[in-house]
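The block underneath contains the structure these notes are about, expressed in structure tokens.
The values are calculated or read from the model by the stated rules, or taken from the named source; none is laboratory data. As the structure is a computational prediction, the values presented were derived from the model and not from experiment. Reconstructed Cβ throughout: ideal geometry from the backbone, glycine too, with neighbour counts over all protein chains shown. When the accessible area is computed, the model is the full protein with side chains, heavy atoms only, and any ligands, DNA or RNA have been set aside. Shrake-Rupley method; radii C 1.70, N 1.55, O 1.52, S 1.80 Å.
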Amino acid sequence: MDNISKFYADAQRLKKHYRAEHNNYDGGEVCGQIKELFGRNNGHVKSLALSYADYWYDTYIMNSAEMENEPTEQHLQVLGSIQALIDNDPEQITELTQEDWKELCDLTNYEADDLPLEFLNDIMIIFVDHQAC
């Protein structure tokens, strides 16, 4: 199982457990737990991963008209695409808009001093390929 498949499975497990343990489902709370999971899963670039997860939450979750269903499958796929970006697996990046690309590139540039050089080089190549930077 690759990182993205594991991430999807873990996120679904968080949703399932929250529903089982609480009378009322709180999509915002579950998405907060998923943000924390995303940061833990990317410990080698944790600060960047948390910045990406905050962007995802603010852009996709906080603007949702369906908070009782969050994270939706589509919104999980966006975060999965961000995971693919971190994993340097451009073929699995399917759900990012041009605006997402630009914002993620800006976040990466902001965090660049604290990132491993090889990681930074690899991710910047992907951004350039998508004309984001």
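Values computed for the structure shown
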quantity: Condition check for Leu76: within 14 Å of the chain's Cα centre (by Cα) and touching a residue at least 24 places away in the same chain (Cβ under 8 Å); calculated: yes
quantity: Restricting the range 53-73 to residues that are more than 21 Å from Lys102 (Cβ to Cβ) and open to solvent by 40 Å² or more (accessible area, probe 1.4 Å), the residue that is nearest to the chain's Cα centre (by Cα); calculated: Glu73
quantity: When residues of the range 82-133 are limited to those that are in contact with a Pro (Cβ under 8 Å, 6 or more places away or on another chain) and buried (at least 19 other Cβ atoms within 10 Å of the Cβ), the one nearest to Ala53 (Cα to Cα); calculated: Ala84
quantity: Search result, residues across the range 86-103 that are touching a helix residue (DSSP H, G or I) at 6+ places or on another chain (Cβ under 6 Å), among the hydrophobic types (A, V, I, L, M, F, W, C) and within 22 Å of Gly43 (Cβ to Cβ); calculated: Ile93
quantity: Qualifying residue in the range 101-121 (condition: under 24 Å from Ser5 (Cα atoms), in a helix (DSSP H, G or I) and modelled with pLDDT under 95); calculated: no
